[in-house]
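For reference, the structure is listed below as structure tokens.
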């Protein structure tokens, strides 16, 4: 009976020693889920198109989150992971367009629109509130004045 116990203990210890080198060869890197969310929040879901990969319930978004997680676990930086998706899908995959080139207009035009709108409102308010000089009474020629007086007298 003791031989069986000794053999069992030796087998367990041998398995533990055998498992340690395998584990050391393939270290499992812990990926911060917040980092996965932060990267996925910058990417557009290709199914929903108006949701980020982080917020989309679609299966494709789930697969894209898994790719983000795998790439971060492999040691890539968030910028490298985003570049991978941009290379694969184009800049369309980014939820917010880059602030360069033609897409710079997307960021500038709202500010320009607000400035122009405020300017128009200011001009309109000024024109509405500006006091206009009283219009001078038009001078009646004496013949017209006499005619009006005569008509007023005849009515009464």
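The values are calculated or read from the model by the stated rules, or taken from the named source; none is laboratory data. Quick caveat: nothing in here was measured; it's all calculated off a predicted structure. So basically every Cβ, Gly included, is an ideal-geometry build from the backbone, and we count neighbours across all protein chains shown.
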I need a count of the residues in region 77-90 that are touching a helix residue (DSSP H, G or I) at 6+ places or on another chain (Cβ under 8 Å), more than 13 Å from residue 45 (Cα to Cα) and without any contact (Cβ under 8 Å) to a residue 40 or more places away in the chain. 2
Could you list all residues from region 28-76 that are assigned to a loop (DSSP other than H, G, I, E, B), within 17 Å of residue 89 (Cβ to Cβ) and touching a residue at least 24 places away in the same chain (Cβ under 8 Å)? 41, 42, 46
Assuming residue 90 fulfils every condition listed in (1) within 19 Å of the chain's Cα centre (by Cα); (2) surrounded by 10 or more Cβ atoms within 10 Å (Cβ to Cβ); (3) at pLDDT 85 or above apart from one, which condition is it? (2)
When you scan region 93-109, how many residues do you find that are modelled with pLDDT under 90 and either over 22 Å from residue 38 (Cβ atoms) or assigned to a helix (DSSP H, G or I) (or both)? 9
I need the full set of residues from region 119-156 which are modelled with pLDDT under 85, over 60 Å from the mean Cα position of the chain (by Cα) and not in a helix (DSSP H, G or I), in order please. 137, 138, 139, 140, 156
